[in-house]
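Since the structure comes first, as structure tokens, the remarks are kept for the end.
The values are calculated or read from the model by the stated rules, or taken from the named source; none is laboratory data. For clarity, every value in this text was computed on a predicted model and none was experimentally measured. All Cβ positions, glycine included, derive from the backbone under ideal geometry; neighbour counts span all protein chains shown. In case anyone asks, the SASA skips ligands and DNA or RNA and just uses the protein heavy atoms, side chains included. Shrake-Rupley method; radii C 1.70, N 1.55, O 1.52, S 1.80 Å.
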Amino acid sequence: MIREFKKIGKIYVFGMLWLLGLIWPMVGIHKDGSLSFGRAFTIWSYIVVGTFACLLLYLLNKSGYLDKATKPMGRVRDDLVAKARAVPVWIWTLVALAAALIYPLFTARYAHDVAIQVLIYISLGLGLNIVVGLAGLLDLGYIAFYGVGAYTYALLSVHYGMSFWLCLPVAAVLASVAGCLIGYPTLRMRGDYLAIVTLGFGEIVRLILNNWMSLTNGPNGILGIKPPGIYVPSFEGGFHFEHIYLKKLYFLYYIALAIAVVTIVAVRRLNFSRIGRAWESIREDETAAELMGVNTFMLKLLAYAMGAVFAGLAGAFFAARMRFVSPESFTFLESAMVLSMVVLGGMGSIPGIILGCAALIVLPEVFREFELYRMLVFGAAMTVMMIFRPAGLIPAKRVGTRSEEKEG
Amino acid sequence: MDYFIQQLINGITLGGVYALIALGYTMVYGVIQLINFAHGEFFAAGGYMGVILLNWFIGRGYMSTHPMICIGASVVLTMGYCAFLAMGVEKIAYKPLRSASRLAVLLSALGMSIFLQNAMMLTQGVFDKPYPIELAEGSLTVGGITVSYLQVIIVVFTVVLLVGLNLLVFKTRIGMAMRATAQDKVMSSLVAISSNRIISLTFAVGAGLAAAAGIMVGFYYGSVRYDMGFVPGIKAFAAAVLGGIGNITGAMLGGLIIGMVEVFGAGYISGQYKDVFAFIILIAVLYFKPTGIMGENVDDTRV
């Protein structure tokens, strides 16, 4: 422990001094020509205390001093996991679904709102998971498809009064067309280049939405989008079907739940299909996949299109739920947020991403007073995750076994 | 015709700034074959540090007595600050991931970029921060063309920095070590070049140049903002790719071209879509000639 600490301690001290050197000029040099140290030291000491506690715990754990506490807890956890495994997966799925179905009966409006957001982001996150997690193409402009879906419904609803249910598939199709349009020229690129180009495309879409005044009403956005409607049988004045709009939040909750469930099922089926395997092979080694007869070009294009479909569905629902769209909702930060959900949860892992979405939406709501620090924490979490746990909170299970795993 | 030449001069000014940022991308790429996503943030941090130092000098009253020394000191200190920042960022977000997959490094750098941007927002506020003084008032008028002294200073300073960088990379021992590391890390470490130190140094030099660009943009537009690093960052990346990533001369050329395209696009086609032109060039270059104008053959895995 002492030796460990000496080794890490030196790096830690240097790192903290470096941090102080960075923080102080930003907050300690004032306009009136004075210098102050108080605020810089306060911020710095918070960080020092926090990181030191983490470091100490890490070292104690690593050198075995916490075994007395962690070993029994680990056994309890293993027991629980074993018991949970004993129950078939479909029962857990049913329980989760039932819980989701009765959720609005026991909660208030605010909780519905948060839950709807979580469900929208689950659709987005799983859609992005197809592109990033399965096919391994880093897409930083993903939110553009969400925007396409939202604007499709907004425009069709406002100008032509088309119903939500009709627009949902239209939005999905248009988003996937956009996915192909953006995907086609970028698919020759790999890795970092692809990331930057998709980022550029995302910005182009946002700029178009922002500047095409005659179509999108520019930065003012589109108002007066109709919520989804349904026909209910009515017996007043003879039997006929009456059209009502679902303005109540818990109706919208069920629609969001339906979209999220469809997404989950579809992504799961895709993941374990031939196509899903082909995507994974492209992710692992594109050249080898091509040699094995995988049509990499078409499959990568398909990954883009499929990812965009779910973003389009989520986008159409978002427009119907907010009844207002503006380019403000489709900035790069949104893309980064969806991406950090996927990364945090575990790329390629469906339960992981659901957990990631729930965590990144619910936690900021719980810690409302730290609202400002949200993106700061997201950024830091992304870096820290990549360093310590690149596979995410719930790492994806691989399909089949790999040769190197058998040897180990 | 006057309008054309006027735009040309604006384009050169802007292009010089992009070239300075692009150099950071291209140098880092040359050494570790990765895109430094946080680079735009170094540029923004430079803009902020410039404002803070200038304000301080004005507050102390030094600015009225020794203006040139104060401005010079601000620029140098800012470049130093950003170099310091970049070295730390490299140690946190890149060094532990040397052997990880490219996607992991990319994401950790992206996280760092979001983190830095928000840290700046929290310490400096969400609003535009105005530059306290004008570097040089007045302008030259030749024929119908106006060139402000500020533009002249920016172009001259850019050229000085670019020449300095060229001397550093091609004439000194450190530059030789950098080029050796860029070519082959294993071989250069065998001749006692510490690749970790060279990578740190490369980040520092690139961030210093970006900081200088940040100050100049601050003077040019009169204010800085916490998210100002994002769009110029992508444009400078486009410039680096256009010139051939990893190639220093190419980055300078690419920066100039992107600056010109943006200014002419805004002047002759549409001012609202001025940000789009750089992206379109980026996509076109990557599609038709991924090695860029001056790039050598890049092997298949990089593109």
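Among the criteria (1) assigned to a helix (DSSP H, G or I); (2) open to solvent by less than 10 Å² (accessible area, probe 1.4 Å); (3) out of contact with any Lys or Arg (no Cβ under 8 Å at 6 or more places or on another chain), the one A:Val170 does not fulfil is (2).
Among the residues of the stretch B:107-156, those that are in a helix (DSSP H, G or I) and among the β-branched types (Val, Ile, Thr) comprise B:Ile114, B:Thr123, B:Val152, B:Ile153, B:Ile154, B:Val155, B:Val156.
Checked against (1) away from chain A (no Cβ under 12 Å); (2) not in a loop (DSSP other than H, G, I, E, B), B:Met294 passes all but condition (2).
Output the residues belonging to the stretch B:28-52 that are facing chain A (nearest Cβ under 9 Å) and under 15 Å from B:Leu209 (Cβ atoms). Within the stretch B:28-52, B:Tyr29, B:Ala45, B:Met49 qualify. For the stretch A:14-48, the candidate set comprises residues that are in a helix (DSSP H, G or I) and among the β-branched types (Val, Ile, Thr); within that set, the residue that is nearest to the other protein chains (Cβ to nearest Cβ) is A:Val27. Could you go through the stretch B:59-82 and let me know if any residue there is assigned to a loop (DSSP other than H, G, I, E, B) and at the interface with chain A (Cβ under 10 Å from one of its Cβ atoms). There is at least one residue in the stretch B:59-82 that is assigned to a loop (DSSP other than H, G, I, E, B) and at the interface with chain A (Cβ under 10 Å from one of its Cβ atoms).
Can you tell me how many residues within the stretch A:142-162 are open to solvent by 40 Å² or more (accessible area, probe 1.4 Å), in contact (Cβ under 8 Å) with a residue 60 or more places away in the chain and not in a helix (DSSP H, G or I)? Counting residues in the stretch A:142-162 that are open to solvent by 40 Å² or more (accessible area, probe 1.4 Å), in contact (Cβ under 8 Å) with a residue 60 or more places away in the chain and not in a helix (DSSP H, G or I) gives 1.
Of all the numbered requirements in (1) crowded, with 24+ Cβ neighbours inside 10 Å; (2) modelled with pLDDT under 90; (3) among the small types (Gly, Ala, Ser), A:Ala108 misses one, and that requirement is (1). Applying the condition of being open to solvent by 20 Å² or more (accessible area, probe 1.4 Å) and within 12 Å of chain B (Cβ to nearest Cβ) to the stretch A:335-351 and asking which residue is farthest from A:Val262 (Cα to Cα) yields A:Leu344.
Checked against the criterion of being at pLDDT 90 or above, open to solvent by 20 Å² or more (accessible area, probe 1.4 Å) and either over 26 Å from A:Ala278 (Cα atoms) or within 14 Å of chain B (Cβ to nearest Cβ) (or both), the candidates A:Ala396, A:Ala358, A:Ala319, A:Ala381 yield just one match: A:Ala358. Kindly evaluate A:Met292 against the criterion of being touching a residue at least 60 places away in the same chain (Cβ under 8 Å) and open to solvent by 40 Å² or more (accessible area, probe 1.4 Å). When the stated conditions are applied, A:Met292 does not pass them. Scanning the stretch B:220-256 for residues that are over 13 Å from the mean Cα position of the chain (by Cα), surrounded by fewer than 23 Cβ atoms within 10 Å (Cβ to Cβ), touching a residue at least 24 places away in the same chain (Cβ under 8 Å) and assigned to a helix (DSSP H, G or I) yields B:Tyr220, B:Thr249, B:Leu253. Of the residues in the stretch B:141-149, at least one is without any contact (Cβ under 8 Å) to a residue 60 or more places away in the chain and either within 14 Å of another protein chain (Cβ to nearest Cβ) or surrounded by 14 or more Cβ atoms within 10 Å (Cβ to Cβ) (or both). Taking the listed residues A:Tyr231, A:Tyr245, the one that is open to solvent by 40 Å² or more (accessible area, probe 1.4 Å), in the same structural domain as A:Arg323 (by TED's automatic domain parsing), in contact (Cβ under 8 Å) with a residue 12 or more places away in the chain and touching a Lys or Arg at 6+ places or on another chain (Cβ under 9 Å) is A:Tyr245, with no other qualifying. Which residue out of B:Gln117, B:Gln124 is within 8 Å of another protein chain (Cβ to nearest Cβ), at pLDDT 85 or above and over 19 Å from the mean Cα position of the chain (by Cα)? Answer to the check: B:Gln124. Under the condition of being within 18 Å of A:Lys300 (Cβ to Cβ), over 22 Å from the mean Cα position of the chain (by Cα), of a type in the set (A, V, I, L, M, F, W, C) and open to solvent by 20 Å² or more (accessible area, probe 1.4 Å), the residues counted in the stretch A:178-210 number 1.
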